[in-house]
Structures are given as structure tokens and as C-alpha cells.
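FYI, it's all coordinate maths here, none of it is from the lab. Only a predicted model underlies this, so the values are computations on that prediction, with no experimental measurement involved. Here the Cβ positions follow ideal geometry from the backbone for every residue, glycine too, while neighbour counts run over all protein chains shown.
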Amino acid sequence: MEIIKTKEKDGYAIFAVKGRLDALTAADFNLMVEERIKTGLDRLTFDLSELDYISSAGLRAILSTAKQLQARGGELRLAALQPGVATVFKVSGFDKIIPILKHPEDD
Amino acid sequence: MTENGGLIELPAAMENLPRFLSFSAEAATRQGFPPARRNQIGLALEEALVNIISYAYAGDRGRISLEARPRDDGSLAFLIRDRGRPFNPLAKADPDLDSELAERPVGGLGIYLIRQFSDETDWQRCENENRLTLVFTKP
């Protein structure tokens, strides 16, 4: 699992999240996200086009990031989900609480 | 045991999760499951195994056995056994999927995902073991 900042657009910092977000990687993911948002970033878009797999541990990490940003008046958006990952989000009802974009640079 | 079956038994530790999951992925591949369904099988098993690793032995080092049982109808059953405290994951209530972001509890989704991605589930406590069976059919 890795997180790479790709660019900023319309006030959102875009990060590519790659690999697997699961019970083994969620703690690292949380640390990496903390590190990046403590600099004051509060509007993020996670580009998930190269995220191959997510389990409930990954969902928890995403939800906790979204809550933190919302509490600061910011927002988390997700983009470009692979079909398997999209199914997990839909089944969990996350597609109703976190904005999901087709492309990371969409409005 | 049929020829595609098999069993792996390892200490209930997070570091062994990849070995359990490659065992199940290989069993699903041999049984002819397509990649997308194999991912869902891996997901359901990850959730079940992580639960046992995290809670069954309350800090003591116990073991988990995972057995693959291919069925003649093309489906694949997994039997997961541990000797930890009695716990029926299937008895857990579904999480609230309708609340807004700020109110949504962080967690509680693992067992729900097991139920969503398995076609058949069963839990029994016998001979001091938790025996969880998850059955997967092809799409």
C-alpha cells in the first residue's frame, strides 16, 4: 500500500492510494494520512484507480479520515474506484456518505 | 477429502494472515473461481480470520485451522476452526448503514461483509471449538 500526492485541483489535494487497504496495511495508511493532513490540508481526493482491494479495516480507515476532515470543515472525496472496490463501498453504504467521482479531477 | 481440498493450521497471528489468504486463493483458483469472486472470498475470509486473531484468544497464542472443501456442484466451502472463547459472529446484528457521516460508527462492518459475500454460513460450537463454515458459489 502506498499513498502518492499527484496534484491539486480546485482546492482539493489529490492522492493516489495504491495496492491493498486491509487489516495488514490500514494502520500504516492511517499514519500516512495523519502525516499529510496535519499540515492543514482539509480537502482531499483519494484517487483509487490503483487500489486493488479493500476490506473492513480499510473502510474504517477511510471513514475515519472522512470524519476528521468533515469535523474541520473539510471534505474527503474518492475517485476512480475499481469494480471490486466499488462493490464493497456500495454494500457498506459508503457510497451514500462519501462523494465518489468517476475521475479524480472531476468537480 | 477431495483432491482440491486441503488444510492449513497456523498460530492466530496477524503475520500469518497472508499465508491463510494465499491458501484460500489457491483453493478458489483450483475450483475455477474467476478473479473478482476470488477477491470476495478473500475478503470474507480476511474478516473472519482477523476477528479470531483479534478476539478469540484474549492475548494468548492459539491456533486457527482453515480447511478448503470443494463441492461437486462447483461451490467451495471453507471451515475455520479455533479453540478460543465461544463466539458466534453470525449472531451479530447488521450495522446501521443509513446514518450520516458524522454519526456513522467506525467499525462493525467486517461480519456484515462476511454475510454479504458468502452464499451460505454456519457456526457451531463443539468439542471446545468454534467452527465457522463459509460457502461460496460461482457467479
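Miscellaneous remarks
- Dividing the Cα radius of gyration of region B:6-136 by 2.2 N^0.38 Å, with N the residue count, gives 1.06.
- Taking 37 °C and 0.692 mPa s as conditions, region A:2-101 diffuses translationally at an estimated 247 µm²/s according to Stokes-Einstein applied to its Kirkwood radius (Cα pairs).
- Longest exposed-site-free window of chain B, the sites being GluC sites (Glu not before Pro) in a DSSP loop that have at most 12 other C-beta atoms within 10 Å: B:4-99
- For region B:100-109, 3J(HN,Hα) per residue [Karplus equation, 6.51 cos²θ - 1.76 cosθ + 1.60, θ = phi - 60°, Hz, x = Gly/Pro]: 5, 3, 5, 8, 5, x, 7, x, x, 8
- Each principal axis of the protein assembly as shown carries a Cα extent, and these read 59, 37, 31 Å when sorted largest first.
- Projecting label points 7 angstrom from Cα along Cα→Cβ for A:K90 and B:A36 puts them 0.9 nm apart.
- From phi via Karplus (6.51, -1.76, 1.60), per-residue ³J(HN,Hα) for region A:67-82 in Hz, x at Gly/Pro: 5, 4, 5, 5, 4, 9, x, x, 7, 10, 10, 10, 9, 6, 5, 5
- Shielding by partners, peptide B:95-107 (average Cβ within 10 angstrom, other chains): 5
- Inter-part distance, region B:28-53 to region A:39-73, computed on C-alpha centroids, equals 24 Å.
- Taking a straight line from the alpha carbon of B:K92, these aspartates and glutamates sit under 14 Å away, with near neighbours fewer than eight places off in the same chain left out: B:E47, B:D122.
- Using C-alpha pairs under 8 Å with a sequence gap of at least 6, the mean separation divided by the residue count of chain B gives a relative contact order of 27 percent.
- Ranked A:I100, A:I4, A:I54, B:I53, criterion: other C-beta atoms within 10 Å, fewest first: A:I4, A:I100, B:I53, A:I54
- Legend: calculated FRET efficiency, A:R36 to B:N128, from the Cβ-Cβ distance at R0 = 45 Å, rounded to 0.05, equals 0.45.
- In order along region A:25-40, the phi-based Karplus estimate (6.51 cos²θ - 1.76 cosθ + 1.60, θ = phi - 60°) of 3J(HN,Hα) comes to 10, 4, 5, 4, 4, 4, 4, 5, 5, 3, 4, 7, 8, 6, 6, x Hz; Gly and Pro are listed as x.
- Between B:T121 and A:E8, the distance separating the two model label sites (each 7 Å from Cα on the Cα→Cβ line) works out to 4.4 nm.
- For A:K5, the aspartates and glutamates whose Cα comes closer than 17 Å to its Cα, not counting residues fewer than 8 places off in the same chain, are A:D28, A:E34, A:E35, A:D42, A:D47, A:E50, A:E75, A:E105, A:D106.
- Taken residue by residue and averaged, Cβ atoms of other chains lying within 10 Å of the Cβ of A:24-36 number 1.
- Straight-line cross-link partners of A:K7 among the lysines, defined as a Cα under 24 Å from its Cα and at least 8 positions apart when in the same chain: A:K18, A:K38, A:K67, A:K102.
- Under 5 Å, built H, 5+ apart or other chain: amide partners of B:G62: B:A12
- In this rough spin-label picture, where each label sits 7 Å from Cα along the Cβ direction, the B:S75-B:Y55 distance is 2.5 nm.
- Long hydrophobic helices in chain B, taken as whole DSSP H segments with a C-alpha length of 18 Å or more on their own axis and mean Kyte-Doolittle hydropathy at least -0.5: B:17-30, B:35-51.
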